[in-house]
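Have a look at the structure below, then the notes.
The values are calculated or read from the model by the stated rules, or taken from the named source; none is laboratory data. Values in this document were obtained by computation on a predicted structure and should not be read as measured data. Cβ placement follows ideal geometry from the backbone for every residue including glycine, while neighbour counts extend to all protein chains displayed. Heavy atoms of the whole protein, side chains included, go into the accessibility calculation; ligands, DNA and RNA do not. Shrake-Rupley method; radii C 1.70, N 1.55, O 1.52, S 1.80 Å.
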Amino acid sequence: MQTLQFFYEMNFKNTLFFDRKISITHKKSILYGPRKSGKSHLIIDHLSHYEKGSYLYIDFSDDRIETHLVAENLATFVQKNRIKLLVIEHFDFSFELPNVDEILLTTIFTWKTLKGYDSLILFPLDFEEFISFDKKHSNIEHLFNFYTNNGTFPQIVQNSEQNSQKQMQEMLHLILGDTTTFLIYKRLCEMQGSKISLFQIYNHLKVFTKISKDKLYAITSELIDQNLLFLVEKYNQPSNTKKVYPIDFALKDALTFKKDFLKRFENMVFLELIKRGKKVFYEEGIDFYLPDESLAILCVGFATTEAIEMKLQKLLPTFWALHVKRIEVVTLSSESAKDIEGFSFSIAPFWEWALQL
């Protein structure tokens with residue numbers, strides 16, 4: 001009971017909270033998302049709407065907690081103190097929850113579910129949320145440059161005066177936990193936007209670290225489950241090589257001196273899509289294909305309108321084969337909209353494209 005009493009008496013003050021697009025509206029909810037995506041800040045803001053003493057907040061990432069003791073005493077404690085809202089962070093789903101009117105759970109694993117619970121996923125910031133963090137009223141292109149350099153994790157954006165690459169390294173060691181997982185994730189980040197097979201990754205890693213294929217596959221699967229990593233399939237060819245994207249486009253620059261801005265830009269566009277629940281594939285010559293919307297997206301960075309139109313002309317047979325109806329070209333400069341060979345296509349700089357999604 002001492003552990004539960006400690007958490008019950010805690011005071012919360014969320015001085016760094018900024019509005020996110022996700023809000024907690026159901027009485028029973030599970031909040032998914034990678035560590036450092038802002039789940040705790042969202043919860044603390046939610047608790048501000050409740051009277052002190054009406055809720056119990058428990059964080060299982062606290063090393064002082066003995067899970068079995070909490071499980072044994074929780075039902076009695078919430079009944080005795082008439083708890084209306086129970087919050088458990090990093091819940092491991094190892095014990096049955098007590099009867100409480102409102103329960104909010106967090107976990108990093110997307111496959112953990114409970115019947116009757118609403119599911120919410122909190123990613124790091126999308127571009128629109130990033131803009132809301134700006135208190136200097138900077139112009140949109142300045143904000144985009146800042147976004148490009150600092151990435152999407154809230155704590156790094158808020159501490160932008162510090163070395164963001166060093167902050168990211170420290171944060172990753174905290175999130176990933178062990179050296180082998182870090183080395184695997186580092187290599188996958190280095191391959192940002194590239195087509196890969198895990199066998200290729202295994203052949204690279206085995207040269208300088210002891211690792212088995214089974215271990216590599218298991219860790220990669222966990223990284224995907226935690227939304228730290230995304231492997232994008234070629235449309236209708238799931239056995240083909242997949243394109244790899246980390247949860248933050250700026251991670252590669254924090255882990256290697258090798259730079260490829262176009263791949264980072266591609267990762268940036270992909271994350272805007274995935275954070276809006278889009279089902280994304282790739283095709284030859286097409287960065288992202290969204291079959292549910294008959295939409296093809298190309299990421300070209302800097303390119304003239306004439307060069308873009310020439311590229312689209314070469315891709316016409318692919319567009320026809322895929323029954324594409326719309327084509328969106330995301331750039332860093334150009335802007336236009338017209339029809340070409342019966343297709344509706346638009347060219348827009350990232351900051352306009354992302355805000356219109």
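Here's the yes/no breakdown for (1) part of a helix (DSSP H, G or I); (2) of a type outside the set (S, T, N, Q):
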position: Ile24; (1), (2): no, yes
position: Ile30; (1), (2): no, yes
position: Asp45; (1), (2): yes, yes
position: Val78; (1), (2): yes, yes
position: Asp92; (1), (2): no, yes
position: Thr106; (1), (2): no, no
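A quick yes/no check of all residues on (1) buried (at least 21 other Cβ atoms within 10 Å of the Cβ); (2) modelled with pLDDT under 95; (3) in contact with a strand residue (DSSP E or B) (Cβ under 7 Å, 6 or more places away or on another chain); (4) within 23 Å of Lys21 (Cβ to Cβ):
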{"position": "His204", "(1), (2), (3), (4)": "no, yes, no, no"}
{"position": "Tyr235", "(1), (2), (3), (4)": "no, no, yes, no"}
{"position": "Ser239", "(1), (2), (3), (4)": "no, yes, no, no"}
{"position": "Pro246", "(1), (2), (3), (4)": "yes, no, yes, yes"}
{"position": "Lys263", "(1), (2), (3), (4)": "no, no, no, no"}
{"position": "Phe270", "(1), (2), (3), (4)": "yes, no, yes, yes"}
{"position": "Leu273", "(1), (2), (3), (4)": "no, no, yes, yes"}
{"position": "Lys279", "(1), (2), (3), (4)": "no, no, yes, yes"}
{"position": "Tyr289", "(1), (2), (3), (4)": "yes, no, yes, no"}
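Would you pick out the residues in the stretch 58-72 that are part of a loop (DSSP other than H, G, I, E, B) and touching a residue at least 60 places away in the same chain (Cβ under 8 Å)?
Arg64, Ile65, Glu66 - these are the residues of the stretch 58-72 that are part of a loop (DSSP other than H, G, I, E, B) and touching a residue at least 60 places away in the same chain (Cβ under 8 Å).
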For the stretch 320-336, pairs from a residue that is open to solvent by 30 Å² or more (accessible area, probe 1.4 Å) to a residue that is part of a loop (DSSP other than H, G, I, E, B) and among the acidic types (Asp, Glu), with Cβ under 8 Å and 6 or more apart or across chains, are none
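Would it be correct to say that Tyr217 is closer than 19 Å to Phe270 by Cα and either of a type outside the set (Lys, Arg) or open to solvent by 40 Å² or more (accessible area, probe 1.4 Å) (or both)?
On the way: closer than 19 Å to Phe270 by Cα: no; either of a type outside the set (Lys, Arg) or open to solvent by 40 Å² or more (accessible area, probe 1.4 Å) (or both): yes.
Criteria not met by Tyr217.
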All conditions in (1) modelled with pLDDT under 95; (2) crowded, with 19+ Cβ neighbours inside 10 Å; (3) over 29 Å from Gly177 (Cα atoms) are true of Pro34 except (3)
Taking the stretch 55-99 and keeping residues buried (at least 18 other Cβ atoms within 10 Å of the Cβ), β-branched (Val, Ile, Thr) and within 30 Å of Leu176 (Cβ to Cβ) leaves Ile58, Val70, Val87, Ile88
Inside the stretch 100-128, the number of residues satisfying the requirement of being touching a residue at least 40 places away in the same chain (Cβ under 8 Å) and open to solvent by 20 Å² or more (accessible area, probe 1.4 Å) is 17
